[in-house]
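Beneath this line is the structure, given in structure tokens, with notes to follow.
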Amino acid sequence: MGIRVSDKILQNVEKPSRYTGNEWNSVKKDLKEIDIRFAFCFPDVYEVGMSHLGMKILYHLLNERDDTYCERVFAPWVDMEAK
């Protein structure tokens with residue numbers, strides 16, 4: 001699910017873990033079993049977005065629904081933006 005970022009690019013950014021996904025407590029769903037795929041776009045970098053309580057609550061509430069799959073998307077840091 002999601003897009004795989006090339007190892008060559010990840011070797012040239014300050015914090016590659018910002019872009020690899022699969023963090024603890026992330027929800028994974030079978031795309032064939034859902035009706036709504038929702039991208040929750042946060043207008044700041046990963047560390048700021050993941051510490052935002054409102055985002056955590058909404059991510060959880062959306063993914064509680066059997067028909068909905070919510071994924072988180074964050075703005076890149078300047079090093080990745082340049083890539």
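Numbers at a glance
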read-out	value
Mean separation of Cα contacts under 8 Å (6+ apart) over length of the chain, as relative contact order %	35 percent
Candidate aspartates and glutamates - alpha carbon under 18 Å from Lys28, same-chain residues fewer than 8 apart omitted	Glu64, Asp66, Asp67, Glu71
Gyration tensor verdict on the stretch 7-82 (Cα atoms; rounded if a/c is under 1.5, prolate if a/b is larger than b/c, oblate otherwise)	prolate
Under 5 Å, built H, 5+ apart or other chain: amide partners of Tyr69	Ile36, Arg37, Phe38
Cut-off 14 Å, label 7 Å out along Cα→Cβ of Val73, residues of the stretch 33-50 by amide N	37-44
Helix-derived mean residue ellipticity, 222 nm - over the chain, DSSP H n ≥ 4, -39500 (n - 2.57), to 500	-7500 deg cm²/dmol
0 to 90° range, to nearest 10: angle between helix 53-64 axis and the chain longest Cα axis	50 degrees
Pairwise FRET efficiency - Glu64 versus Ala39, Cβ, R0 = 22 Å, nearest 0.05	0.80
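Coordinate-derived values only; no laboratory data. Note that the structure is predicted; figures quoted are calculated from it, not measured. FYI the Cβ positions are ideal-geometry reconstructions off the backbone, even for glycines, and counts take in every protein chain you see.
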